[in-house]
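Here is the structure we will look at.
No value in this document is a laboratory result; all are computed from the given coordinates. For clarity, every value in this text was computed on a predicted model and none was experimentally measured. Here Cβ is always computed from backbone atoms with ideal geometry, including for glycine, and neighbour counts include all displayed protein chains.
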Amino acid sequence: MLNKNAKILVVDDTLIMRESLRRILATMGYENVIQAENGREAVKAVEDENNKIELVFLDIVMPIMDGKAALKKIRETNKTVAIVMLTSVADKDSIMECSKLGMSSYILKPINAVEGPDILKGIIRKL
């Protein structure tokens, strides 16, 4: 189980999605959440040793740098951070590609306030 003080990075190009995930995590006791709106920002945040990020929620489809490219780049320098991919489409090819690149798990969007905590608890429990 992830420590309640763990730093979590939420990456999505949509502010509403980032805030929704942040609020759900807060209801679960995870208050140490930072946000990024594209893959390039995510890579920088994970590479910044001051952050000590333990879990990343990473959207697949984003401008500037998509989630697959960000996942690949993060895994080049960090093999241990847990990375959960977010996708609105259950595209088996994308999921398989992300699995080969080193994702820890994935979640189908949208994530709502009713089912979200149970979904996130299940994912976090497996990490």
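List of remarks:
- Considering region 1-35, and only residues there that are of a type in the set (Gly, Ala, Ser) and surrounded by 13 or more Cβ atoms within 10 Å (Cβ to Cβ), the residue that is farthest from residue 87 (Cα to Cα) turns out to be 6.
- Residues satisfying the stated conditions in region 24-51, i.e. part of a loop (DSSP other than H, G, I, E, B) and within 23 Å of residue 99 (Cα to Cα): 37, 38
- For region 36-68, filtered to residues that are closer than 14 Å to residue 7 by Cα and of a type in the set (Gly, Ala, Ser), the residue that is surrounded by the most Cβ atoms within 10 Å (Cβ to Cβ) is 42.
- Picking from residues in region 82-94 that are of a type outside the set (Asp, Glu) and over 16 Å from residue 56 (Cα atoms), the one that is surrounded by the most Cβ atoms within 10 Å (Cβ to Cβ) is 94.
- Failed condition for residue 43, given (1) in contact with a strand residue (DSSP E or B) (Cβ under 8 Å, 6 or more places away or on another chain); (2) under 15 Å from residue 85 (Cα atoms); (3) of a type in the set (A, V, I, L, M, F, W, C): (1)
- When residues of region 90-121 are limited to those that are of a type outside the set (Gly, Ala, Ser) and in a loop (DSSP other than H, G, I, E, B), the one farthest from the chain's Cα centre (by Cα): 114
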